[in-house]
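Each remark here refers to the structure printed beneath this line.
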Amino acid sequence: MQTGHELFIHGLNDMMDAEHQLVDALEELAGDSSRADLKKAFEQHRRETEGQIQRLEQCFELLGEESEETECMVFAVWLPKRRRLAKKTHRRI
C-alpha cells in the first residue's frame, strides 16, 4: 500500500471479509442456540450484518473499486476456536 486511498480500500476489504465471516458465525450460533430468544437475536444480528455487507458493496461501487478477497484475522482466529470449543464441550448455548 502506497497511498491513503489504498489503505482505505484495504480496510474496506478487511471489513467486508469480517462481515461475511460474521454472517457464517451468527448462523452457526443461531443453530447451536437452545433458547428461542438467543436464536432470534442471532438471526436478527445476521440480517443486520447482511445489510452491512450491502452498504460496503455500495461503498466499493461509489468509489469505482472492486472488492478483493482478504482475510480478517480476528475472525480467522476466533471462528475455528469457537467451533473447537463447541465440539469439545458438546454444549448448546
Name the single residue that is farthest from the chain's Cα centre (by Cα) among those in region 27-44 being outside any helix (DSSP H, G or I) and small (Gly, Ala, Ser). 34
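Which one is nearest to residue 32 (Cα to Cα) among residues in region 45-93 that are of a type in the set (Gly, Ala, Ser) and part of a loop (DSSP other than H, G, I, E, B)? Spell out the reasoning first.
Filtering region 45-93 down to residues of a type in the set (Gly, Ala, Ser) leaves 51, 64, 67, 76, 86.
Those still in the list that are part of a loop (DSSP other than H, G, I, E, B) too: 64, 67.
On the way: 64: 40, 67: 31 Å.
Among them, the one singled out is 67.
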Suppose we filter 51, 64 for residues that are out of contact with any helix residue (DSSP H, G or I) (no Cβ under 7 Å at 6 or more places or on another chain), at positive phi and of a type outside the set (Lys, Arg); which single one remains? 64
Output the residue which, of all residues in region 2-59 that are among the hydroxyl-bearing types (Ser, Thr, Tyr) and surrounded by 14 or more Cβ atoms within 10 Å (Cβ to Cβ), is nearest to residue 87 (Cα to Cα). 33
Looking only at region 60-84, and only at residues there that are over 17 Å from the mean Cα position of the chain (by Cα) and either among the basic types (Lys, Arg) or exposed (fewer than 12 other Cβ atoms within 10 Å of the Cβ) (or both), the one that is farthest from residue 26 (Cα to Cα): 64
What are the residue pairs meeting all of these: first residue in region 1-25, first residue in contact (Cβ under 8 Å) with a residue 24 or more places away in the chain, second residue small (Gly, Ala, Ser), Cβ atoms under 6 Å, and 6 or more apart or on different chains? 13/67; 16/67
Can you pull out every residue in region 10-26 that is of a type in the set (A, V, I, L, M, F, W, C) and over 10 Å from the mean Cα position of the chain (by Cα)? 12
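No value in this document is a laboratory result; all are computed from the given coordinates. Quick caveat, the model's predicted, so the values are computed rather than measured. Positions of Cβ are generated from backbone atoms using ideal geometry, with glycine treated the same way; all protein chains shown enter the neighbour counts.
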